[in-house]
Every structure is written in C-alpha cells, then in structure tokens.
Amino acid sequence: MQIHSGRFKGQRIKTVKNFPYRPTQSIVRKSLFDTIEPLNCKNFLDLFSGSGIIGFEAASRGVDNIFFVDKSIRVYSLLKINSSNFPGVKFRFSRSDGLKFINSYKKYDIIFADPPYDYPHIDTLIKLSCHALEKKGKFILESSKNEFIVIPNRQRKIGDTYVSFWNNE
C-alpha cells in the first residue's frame, strides 16, 4: 500500500497479513481526498485506524498533527513503525476503543472513522464525532451500509463502500 499524493507520494506503508482490519481501497481514498481538499486543518483524527493509510495520506497532503486511535496492540505497534517514515509530522497514538476515545472533550478539524462493518453503535459514534468537531470541521464515515439515523450532509457510494460527510457549520 502506498501514498497517492502530496509531499510523501509513493511512500509505502507496511502492512501484515491476517491483521484485524481491512484497509480503505485506493479508489475510495482518492475520492475521499479529492472531496475534502484542500486540507486546511490543524488536526486530523483517524478513528479505528487500522493500517493508518488515511492518516498517513492526510499527513502527505499537508496535515501536521495526526491522531491515530485503534484498540489492537498489533495495529498500534505497526502505526508507530510506519510513522517514522514521515519526518516533520506530529503523530499521536491511542490504544483505545474509538467510541470511548471520541467521548473526550478534545476537538478536531477532521475526524475520519472506519469502524468494523456492522458496528452496533454507529449512530452514537456519529453523534459523538459531530460533537467533537471544531467550527467548520468535518466528520467522515466509511461504512458498508447507509443504515444510520443521523442524516449526512453529503454521501458518496464507491463500489460497495459508502463515504458519508457531516459538517459542523
């Protein structure tokens, strides 16, 4: 897996087979970043980080503060290893459940969440994430279904994947 654009274009991200995540497909990443660019934000939260490809792509495209959250110790370790290949970017890591983490009082410019498909607390995640946005912030959810109560401001279907956007206007 590699970075598509920006100052670290072509940089490879190490992954391991049999990890408990499914990386965001290349076409979904391209569409996502084409939609949200330019990335004029101070901090970017990657919830349920998995491979971290979304956060690393954001770093390549100009974000200097990336927060990764994933509860897997194996994922956490690999995120730290991969982050060493991105000089000048401030990475923070939390080995925590995404829903518990987002319930803190911190605010973010962009929050991206890719919880496991069929995640049972999706509406709670959406509400808490929208509450954790800075003014003019964006919450972006990658999911397999469009089955949530909170209506997004915008949504794109790319293959079998839905990318939904909520704005804090």
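Just so it is clear, none of the values below were taken in a lab; they were calculated from the coordinates. It should be emphasised that the depicted structure is a prediction, and the values quoted were computed from it without experimental measurement. Cβ atoms come from the backbone with ideal geometry, glycine included; neighbour counts cover every protein chain shown.
Given segment 72-169, what percent of its DSSP beta bridges are antiparallel, to the nearest 5? Write out the running numbers ahead of the final one.
Working: 11 of 16 bridges.
Roughly 70 percent of the DSSP beta bridges within segment 72-169 come out antiparallel.
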Sparse-neighbourhood loop hits (trypsin sites (Lys or Arg not before Pro), segment 81-169; DSSP loop; Cβ within 10 Å at most 14 others) -> LYS106, LYS145
Charge dipole (the chain, unit charges on Cβ, about Cα centre) - positive-most of PHE86, ASN153, TYR108: PHE86
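Kindly provide the chymotrypsin sites (Phe, Trp or Tyr not before Pro) of segment 74-169 that DSSP labels as loop, not H, G, I, E or B, and whose Cβ sees at most 14 other Cβ atoms within 10 Å. Mind dumping the intermediate values first?
On the way: sites: TYR76, PHE91, PHE93, PHE101, TYR105, TYR108, PHE112, TYR117, PHE139, PHE148, TYR162, PHE165, TRP166; in loops: TYR105, TYR117, PHE148.
The qualifying sites are TYR105, TYR117.
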Going toward the positive end of the dipole of the chain, with +1 on Lys and Arg Cβ and -1 on Asp and Glu Cβ, which of TYR119, THR24, ASN43 do you reach last? ASN43
Using a 10 angstrom cutoff on alpha carbons, build the Gaussian network for the chain and name the most mobile of SER83, SER96, SER31. SER31
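Loop-only check: which trypsin sites (Lys or Arg not before Pro) in segment 17-76 are DSSP coil with at most 10 other Cβ within 10 angstrom? Present the calculation step by step, with values, prior to reporting the outcome.
Numbers: sites: LYS17, ARG29, LYS30, LYS42, ARG61, LYS71, ARG74; in loops: LYS17, LYS42, ARG61, LYS71.
Counting only loop positions with at most 10 other Cβ atoms within 10 Å, the trypsin sites (Lys or Arg not before Pro) in segment 17-76 are LYS17.
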Mind putting together the pair-distance distribution for the chain? All Cα pairs, 5 Å bins, whole percent per bin, short to long. 1, 9, 20, 24, 23, 16, 6, 1, 0
